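K.L.:
Sending over a structure as structure tokens; questions will come in a sec.
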Amino acid sequence: MKILGISGSLRRDSYNTKLLRAAEELLPAGVELDIYSGLKAIPPYDEEDDVQPAPPAVADLREAIAKADAVLFATPEYNASIPGQLKNALDWASRPVATNVLRSKPVAVVGASTGAFGAVWSQAELRKVLGTIGARVVEGDVAVGHAPTRFDSEGTLVDEDLREQLEGVVEGLLAELPAAELVCA
Ligand SMILES: Cc1cc2nc3c(=O)[nH]c(=O)nc-3n(C[C@H](O)[C@H](O)[C@H](O)COP(=O)(O)O)c2cc1C
């Protein structure tokens, strides 16, 4: 069984990408998490370009989501909202409306920021957008505030409370999947 991890940050040393790696460590045997690496290549959404065949980077994103059993998002907060490139990618993923690759897909949202509040506004915004697109948004969040103090120099999440919260969100996401998929994985 495959979970796709999408970090809303393009930064190499992103705390949100580290948070996805921390989630990967919590997965049971038979469940893999692949972190999406193509976000930066996605062009600005233009309805005139939203034709078949889709731009290659967009086709790649849609295929990665379609092949995943669930998607875990980790988002920073930029000016109290979602980073523009993440929103842009979701706009591409949301089309065509009736058959978009996120429709009914189990998704969960976590987030990290260098400030005190751990991207809570951004996480709320992202849940709203994902719900609008038609994804099955799992309850629960993980707000990693003061991110530089929560990871060690190896990038490991060292805060036990946050690890437990992350485990809860991952379990909630896995619970959305049919038991048969977990057994077969
Ligand atoms: C353009 C920009 C806007 C930001 N706005 C916020 C904000 O509104 N709230 C907040 O908590 N942090 C804000 N930050 C700080 C981010 O939380 C911080 O850069 C974080 O580490 C980004 O996540 P990353 O480590 O995954 O790249 C902002 C950073 C940038 C670059």
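The values are calculated or read from the model by the stated rules, or taken from the named source; none is laboratory data. Owing to the predicted nature of the structure, the values given are computational and were not obtained by experimental measurement. Methodologically, a virtual Cβ is constructed for each residue, glycine included, from the backbone with ideal geometry; neighbour enumeration extends over all protein chains shown. When the accessible area is computed, the model is the full protein with side chains, heavy atoms only, and any ligands, DNA or RNA have been set aside. Shrake-Rupley method; radii C 1.70, N 1.55, O 1.52, S 1.80 Å.
K.L.:
If ligands, DNA and RNA are left out, what is the accessible area of I3 with a 1.4 Å probe, given in Å² to the nearest 10?
P.N.:
10
K.L.:
Within the chain, how many lysine pairs that are 8 or more places apart, or on different chains, have C-alpha atoms less than 18 Å apart?
P.N.:
8
K.L.:
Under a GNM of the chain (C-alpha, springs under 10 Å), which listed residue has the highest mean-square fluctuation: G38, G168, G30?
P.N.:
G30
K.L.:
Something else now. Label Q52 and E164 with points 7 Å out from Cα along Cα→Cβ: what is the distance between them in nm?
P.N.:
So the two model labels end up 5.1 nm from each other.
K.L.:
Could you list the square roots of 5 times each eigenvalue of the Cα gyration tensor of the chain, that is, the equivalent ellipsoid semi-axes, sorted largest first and rounded to whole Å?
P.N.:
Equivalent ellipsoid semi-axes, largest first: 25, 20, 14 Å.
K.L.:
May I have the extent of the alpha carbons of the range 79-149 along their three principal axes, as whole Å values ordered from largest to smallest?
P.N.:
Between the extreme Cα coordinates on each principal axis of the range 79-149 lie 42, 24, 15 Å.
K.L.:
Could I ask something else about it? Evaluate the charge dipole of the range 14-91 about its Cα centre and quote only its size in Debye, nearest 20, assuming +1 on the Cβ of each Lys and Arg and -1 on the Cβ of each Asp and Glu.
P.N.:
Computed about the Cα centre, the dipole is about 360 debye.
K.L.:
For R95, R163, R12, what's the largest-to-smallest order of accessible area, 1.4 Å probe?
P.N.:
R12, R95, R163
K.L.:
Taking the solvent-accessible surface of protein heavy atoms with a 1.4 Å probe, what is the per residue accessible area of the range 1-130 in Å²?
P.N.:
About 47 Å² of surface per residue is accessible.
K.L.:
Further question: How large a share of the accessible area of the range 62-185, in percent, is made up of carbon and sulfur atoms when the probe is 1.4 Å and the other protein chains stay in place?
P.N.:
Here it works out to 53 percent.
K.L.:
Which of L162, L72, L174 ends up with the largest GNM mean-square fluctuation for the chain, with Cα atoms connected below 10 Å?
P.N.:
Sorting by GNM fluctuation, first place goes to L162.
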